[in-house]
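The values are calculated or read from the model by the stated rules, or taken from the named source; none is laboratory data. Being a predicted model, the structure only gives us computed values, none of them experimental. Because the Cβ atoms are built from the backbone with ideal geometry, glycine has one as well, and the counts that use them run over all protein chains shown.
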């Protein structure tokens, strides 16, 4: 059995896939448990964070000076990745909340959680869901969305309008039922 340093050196020397696989299998289970906790049990976000952590770790492995063990170093990278995800999610939610402020008579509750918002979006028909995610969360223009989905810009705009209205209605009804 090789040490983690020997495996890392072997990987750096000849990009050994086997050395990387052994390191990955050694380190990922514990790091994934941590990622799940940091990501509030959201498995998708935890998997995304682990993947990003490994990409950064592999890129910077040559600079790692072994003052700590590899697990500690990777944990630091993972924590920074999750913090970055959280900042991005907050910005995306703020953008989405701002875009949901509509002109219709639906009253949007003062306070709703990101879970409420995700739930509302998940209940949308696929076309609406795609448009609201691509436009309001990912930031694509209607022209770009039209090219991606092979639809007119106008179709993208009308589907976004209807998707936002459906989300507002769902949030308003959910808020009304809770009070």
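At-a-glance table
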| quantity | calculated |
| --- | --- |
| Subset of region 120-136 (residues that are surrounded by fewer than 18 Cβ atoms within 10 Å (Cβ to Cβ) and within 19 Å of residue 85 (Cα to Cα)) | 133 |
| Every pair of residues 6+ apart whose Cβ atoms lie under 6 Å, when the first sits in region 18-43 and is at negative phi and without any contact (Cβ under 8 Å) to a residue 12 or more places away in the chain while the second is part of a helix (DSSP H, G or I) and buried (at least 18 other Cβ atoms within 10 Å of the Cβ) | 36/46 |
| Qualifying residue in region 82-96 (condition: outside the structural domain of residue 121 (by TED's automatic domain parsing) and at pLDDT 90 or above) | no |
| Some residue of region 148-156 being at pLDDT 75 or above, within 20 Å of the chain's Cα centre (by Cα) and outside any helix (DSSP H, G or I) | no |
| Helices (runs of 4 or more DSSP H) fully within region 1-64 counting 3 or more residues that are farther than 21 Å from residue 76 by Cβ | 4-14, 17-38 |
